[in-house]
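Since every read-out is calculated from the coordinates, none of them should be taken as a lab result. This is a predicted model, so every value here is computed, not measured. Please note: Cβ atoms are built from the backbone with ideal geometry, for glycine as well, and neighbour counts cover all protein chains shown.
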Amino acid sequence: MQLTSPFTPDMIHNLTLSVYEDAVKLRRLFHENPELGFEEHHTSSVVEKYLRGLGLEIITGIAKTGVVGILRGQKNGPVIAFRADMDALPIQEETGAAFSSKNPNVMHACGHDIHTAMLLGAAKALSQVKDQIAGTIKFIFQPAEEMLAGGKHMVQDGVLQNPDVNYIYGFHVWPDLPLGQIGFKSGPLMASMDSFEVTLKGKSGHGAAPQQGIDAIVGGSHIITGLQSIISRETDPVDSVVLTIGTLSAGSGFNIIPEKAVLNGTIRTIKDDTRQRVAKDFTRIIEGMGAALRLDPDIHYQFGYPVTNNTKEHVDHASQLAESLFGEEAIVQLENPSMASEDFSFYLEHIPGAFLFLGVQDQAGGAYKLHNEKFLPDECVMKYGISLYIALAVYHFKMSQ
Ligand code: NI
C-alpha cells in the first residue's frame with residue numbers, strides 16, 4: 001500500500017508536527033489533572049471545548065462523561081471511529097515530572113492522558129483537511145476503561161450508531177516495545193477478564209476437635225488446588241488460560257475451625273469458547289469438591305471484558321500504512337496475545353477494527369510498566385499515533401490519488 005499525493009508520508013508527518021505542540025500541552029494538562037472512571041468531568045470538558053473549537057459536531061454525556069466529536073467530510077463515504085480512553089488510576093504518582101498529578105492518589109499510570117491528547121491532535125489535523133474527506137470520522141473519548149467497562153456503556157448508549165460506524169481503531173502505549181515500534185496482531189490481541197467471589201460455608205468448632213466442625217480452610221485449599229486442574233488437565237496445552245486466586249480470607253483465631261472461607265480471583269482466556277467452558281468447569285469443580293468436602297459453596301461469577309479480537313484486514317491495513325510512514329523496522333508482528341484485557345473489546349464485538357500497541361520503552365530499555373507509580377512514557381510517541389490516525393483516514397477515505 002502506498003501513500004501518494006497529496007497525502008504522502010512527508011505531508012502526513014508535517015500535518016502531525018503542526019498539531020504536536022497542542023497535543024503535548026493537552027497531555028500535560030490531563031496528566032496533571034487525572035480523574036477516576038466515570039468522574040472525568042474536567043477531562044471531558046477540556047475534550048469537548050477543544051473539539052468545539054475545531055468545528056466538530058459534539059455529543060456529550062454519553063456513558064456519563066464520554067464525549068464524541070463527529071467530523072463530516074465534504075462527500076459521502078464510510079464512517080470510521082477512533083477511540084481514546086480518559087480515565088486514570090488510584091495510584092500515588094512518583095514520577096517526579098514537572099506536570100505530576102495534582103490529585104492525591106490519582107494518576108495517569110496507563111497512558112490514557114497520551115491516548116486522549118493524541119486523538120485530539122489527530123482530530124485537529126484531520127479537520128484541517130476536511131475538504132478532502134469522503135466520509136465521516138467519529139472521535140470517541142470514553143470514560144472508565146479501567147475495570148468499569150466504560151466501552152461497554154458507550155456501546156450501550158449507541159456510540160456506534162447514527163451514523164453507523166463501519167470500522168474502529170484504537171491505540172495503547174506499550175512499554176514492552178521500544179519507542180518507534182508498533183505492535184500488530186490479528187485475532188486475539190488481549191485476553192478476556194472475568195472475576196469471581198466464592199464463599200465456602202462450613203461449620204466452626206474448636207481447633208482441638210476438627211471432627212465437630214467442617215473446616216473451610218482445609219476444604220478451600222483443596223478446591224484452590226483442584227481449580228488449577230482446569231488449566232493443567234482440561235485445557236488444550238497450546239491454548240492459554242490464567243486462573244488466579246487473588247485473595248483468600250478465612251479464620252478468626254489460631255485454635256478455631258473456620259466457619260467460612262472467601263476466595264476472590266480472575267480468569268483470563270483468549271478464545272471465547274474456552275472462556276465459556278472454563279466458567280462451567282469452575283462451577284462444576286467447586287460444587288463437586290464442595291459436596292465431597294461437606295462445604296456449601298456460594299459462587300458469584302462475573303463475566304467482565306471479552307477477548308479483544310482484531311480483524312485481520314484492519315490489522316493489515318494499519319501495519320502497511322505504518323510501514324509506509326515509519327519504515328519496516330517500526331513494524332512488530334506480535335506472536336502472542338497479552339493476558340491483560342481491554343474494554344476496546346466491546347466495540348470489536350460489534351464492528352471490525354484493530355487495536356494496536358505503540359512502543360514507549362526508552363533507549364536504555366527501561367520503561368516502567370503500565371500501572372506503575374513511575375510510569376511516564378515519552379510523549380513523542382504521540383507523533384506516531386497521530387500520523388497513523390491520519391493515514392488510516394486517508395486510506396479508508398481513499399484520499400490519496
Ligand atoms: Ni490502559
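Taking amide H as placed 1.01 Å from N in the peptide plane, the amide H of GLU57 sits under 5 Å from that of ILE70, ARG72, each at least 5 places away or on another chain.
Taking ILE267, ILE114, ILE58 as the candidate residues, the one with maximal mean-square fluctuation in a Gaussian network model of the chain, Cα springs under 10 Å, is ILE58.
Between helix 216-227 and the chain there is an angle of about 50 degrees, using the helix long axis and the longest principal axis of the Cα atoms. Applying both filters, DSSP loop and at most 15 other Cβ atoms within 10 Å, to the chymotrypsin sites (Phe, Trp or Tyr not before Pro) of region 338-385 eliminates every site. Residues whose amide H falls under 5 Å from that of VAL106, counting only those 5 or more places apart or on a different chain, are ILE91, GLU93, with hydrogens built in the peptide plane. Taking amide hydrogens as placed 1.01 Å from N in the peptide plane, the amide H of ILE257 sits under 5 Å from those of GLY205, HIS206, GLY207, each at least 5 positions away in sequence or on another chain. Largest mean-square fluctuation among GLY69, GLY111, GLY290, in a Gaussian network model of the chain whose springs join Cα atoms under 10 Å apart, belongs to GLY290.
For the chain, the share of alpha carbon pairs falling in successive 10 Å distance bins from zero is 5, 21, 28, 22, 13, 7, 3, 1, 0 percent.
Could you pull out the trypsin sites (Lys or Arg not before Pro) across region 317-401 that fall in loop regions by DSSP (anything but H, G, I, E, B) with no more than 16 other Cβ atoms inside 10 Å? Please list the in-between numbers first.
Working: sites: LYS369, LYS374, LYS383, LYS398; in loops: LYS369, LYS374, LYS398.
When the trypsin sites (Lys or Arg not before Pro) of region 317-401 are filtered for loop state and at most 16 Cβ neighbours within 10 Å, LYS369, LYS374, LYS398 remain.
Enumerate by residue number the GluC sites (Glu not before Pro) in region 328-363 meeting two conditions: DSSP loop (anything except H, G, I, E, B), and at most 16 other Cβ atoms within 10 Å of the site's Cβ. Spell out each step's value before the answer.
Numbers: sites: GLU328, GLU329, GLU335, GLU342, GLU349; in loops: GLU335, GLU342, GLU349.
Answer in residue order: GLU335, GLU349.
Taking the fewest neighbouring Cβ atoms within 10 Å as the starting point, the ordered list for SER252, SER100, SER44, SER240 is SER252, SER100, SER240, SER44. Explain nothing, just the number: dipole magnitude of region 293-401 about its Cα centre with +1 on each Lys and Arg Cβ and -1 on each Asp and Glu Cβ, in debye rounded to the nearest 20. Computed about the Cα centre, the dipole is about 120 debye. Overall, region 235-327 carries a charge dipole of about 280 debye about its Cα centre when +1 sits on the Cβ of Lys and Arg and -1 on the Cβ of Asp and Glu, all other atoms neutral. Per-residue 3J(HN,Hα) values for region 334-340, derived from phi via the Karplus relation 6.51 cos²θ - 1.76 cosθ + 1.60 with θ = phi - 60°, read 6, 7, 10, x, 8, 7, 6 Hz in sequence order (x marks Gly and Pro). Pick from LEU358, LEU54, LEU120: which residue has the top mean-square fluctuation in a GNM of the chain where Cα pairs under 10 Å get a spring? It is LEU54.
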